[in-house]
Every structure is written in structure tokens, then in C-alpha cells.
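Structure first, commentary second.
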Ligand code: PLP
């Protein structure tokens with residue numbers, strides 16, 4: 001069995017986090033080794049409580065999952081705190097499989113899901129970072145990108161800070177089309193699908209998990225991003 005290691009938080013509403021990740025991976029026929037960083041009590045409209053898991057317990061889960069030997073890719077979602085993020089970076093330091101980092105900063109309901117910011121070690125370790133427009137702005141300290149030029153500029157800054165490849169998700173943008181922009185060492189390209197009039201939580205989790213699955217199944221980065229875009233579009237269409 002091909003497995004991916006998923007590092008993230010639980011969401012008691014089931015709308016996002018590890019439950020959503022696991023559903024996406026099983027739809028793609030990929031197994032999951034789940035590593036819990038935080039337990040959250042939330043509904044679709046508010047986060048009531050966040051309980052971080054002690055960093056040594058997070059590290060122990062990662063080491064145990066990697067020891068089992070079937071992990072072919074890693075997806076990182078909600079980390080909760082800078083301390084846990086540093087622990088994750090240290091635990092994955094010698095991992096040879098691709099790592100996808102979804103830089104989860106806030107819930108759609110506005111609650112902060114990461115305190116203290118993302119450590120440089122994690123930004124540099126990830127093979128792909130998948131910010132939405134709001135996360136890209138927060139990570140680079142700019143206003144929200146208004147057009148392709150802003151997106152390319154902000155992504156360039158993130159790459160200069162050590163990110164290897166960035167997929168900027170256009171879901172928070174406007175217009176008839178939802179376009180994601182990939183910036184990698186091999187060049188840049190974009191993936192487009194018609195924008196759907198659905199308001200669904202867990203889209204960021206689903207996309208990053210699907211990319212990890214396609215990487216685990218042996219596809220290159222560009223193919224994995226393209227297939228994941230199609231997968232999420234189909235999921236939203238049937239939502
Ligand atoms: N809760 C958890 C545990 C998450 O991992 C995430 C996103 O990754 C969220 C909430 C936020 O999801 P949404 O933006 O759909 O509210």
C-alpha cells in the first residue's frame with residue numbers, strides 16, 4: 001500500500017483537518033499515517049477550543065510512522081504553534097520523500113490556527129508550499145495580491161526566503177475562473193477550472209492532500225498539481 005504521512009489538527013466538525021485529509025486520500029486509494037498536532041473543538045462557524053499536543057508526542061508519532069516504512073510523501077497542515085512547527089521540521093530533516101506544506105494560519109471563521117509563525121527550517125524543507133492569497137500576503141508581509149503580477153512578485157519573495165516551489169491557490173480570488181499558479185525551479189505554470197458557486201470548508205486541506213497522494217503515486221510536481229486541481233473541482237461539483 002502507498003501511504004502518505006499527514007501532520008495536522010483534528011476538527012470536531014469534520015469539515016477540515018485530518019478527517020478531510022483522510023477522506024481525500026482514501027478517495028484516491030492512498031493510505032494515511034495520521035500525526036496529530038492539535039485537537040480542536042469547532043463548528044463550521046467558530047473555533048471553541050484548541051489544545052496543542054506536546055511537541056515530544058508529535059515527534060514520537062512522526063518517528064513511529066516513518067519507521068513503518070510505507071510513507072511515500074508527507075502533507076503538513078495545521079501545526080498550532082511555532083514550537084510544534086520547529087519540532088516537525090527537526091523530525092522530517094532526513095526524510096527523502098516529498099513534503100507538501102499547506103501553511104494553515106487561520107480558519108475560515110477567523111480563528112488563529114498557528115501562533116508564532118512558520119519557522120524558516122520548515123519553509124526551506126518543504127518541496128511545495130500551497131498558500132491561498134491571504135496566506136501568501138501574511139507570509140510575505142504584503143497586502144493581498146490583486147493580480148498575476150502581485151502573485152508572481154510575492155511568490156518570488158517567498159522563494160527568495162528559501163521556499164523550493166509554491167502553488168498559489170486562487171480560490172479566494174474573484175472572476176469566472178479559479179486559477180492556481182505554480183512557481184518552481186523548472187519554471188511557472190497555471191491550472192484553471194471554472195469557479196463554482198459553492199462555499200465549502202476544507203478545500204485547502206483537500207488540495208494539498210491530493211497533491212501529496214499524486215506525488216506518492218510517482219507523478220512529478222506539475223502533473224500532481226494538475227490532477228489535484230481536477231480532483232478538487234470534481235469534489236466541489238458534487239458537493
Ligand atoms: N481546522 C483544522 C484542524 C484545519 O486543519 C484547518 C485547515 O487546514 C481548518 C480548521 C481551517 O479550515 P477552513 O479554512 O475550511 O475553516
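Bear in mind that the values in this text are calculations on the coordinates, not laboratory data. Nothing here was measured: the structure is a model prediction, and the numbers come from that model. Don't worry about glycine lacking a Cβ; one is built from the backbone with ideal geometry, like all the others, and counts go over all protein chains shown.
Odds and ends about this structure:
- Over region 166-211 - Rg/Rh using Cα atoms and the Kirkwood inverse-distance radius: 0.98
- Calculated diffusion of region 11-148, Stokes-Einstein form, Kirkwood radius summed over Cα pairs, 25 °C and 0.890 mPa s, µm²/s: 156 µm²/s
- Counting all C-alpha pairs of region 101-216, share separated by more than 22 Å (%): 29 percent
- Rg over Rh for region 53-105 works out to 0.93, using Cα positions for both radii and the Kirkwood form for Rh.
- For region 1-29 and region 118-154, distance of Cα centres in Å: 23 Å
- Cβ-Cβ distance of residue 44 and residue 82, R₀ of 22 Å, FRET efficiency by 1/(1 + (r/R0)^6): the value works out to about 0.20.
- Out of every Cα-Cα pair that the chain contains, those further apart than 27 angstrom amount to 27 percent.
- Taking other Cβ atoms within 10 Å as a rough exposure proxy, 212, 107, 13 sort from fewest to most as 13, 107, 212.
- Residue 90-residue 108 pseudo-label distance in nm [points 7 Å out on the Cα-to-Cβ vector]: 3.6 nm
- Computed over region 129-168: relative contact order in percent, which uses C-alpha pairs under 8 Å that are six or more apart: 52 percent
- Exposure proxy ranking, count of Cβ atoms within 10 Å, fewest first, for 106, 75: 106, 75
- Label-point gap, in nm, between residue 196 and residue 124 - each point 7 angstrom along Cα→Cβ: 4.0 nm
- FRET efficiency, residue 144 to residue 230 (Cβ-Cβ, R0 45 Å, nearest 0.05): 0.95
- Calculated FRET efficiency, residue 188 to residue 134, Cβ-Cβ distance, R0 = 25 Å: about 0.75 to the nearest 0.05.
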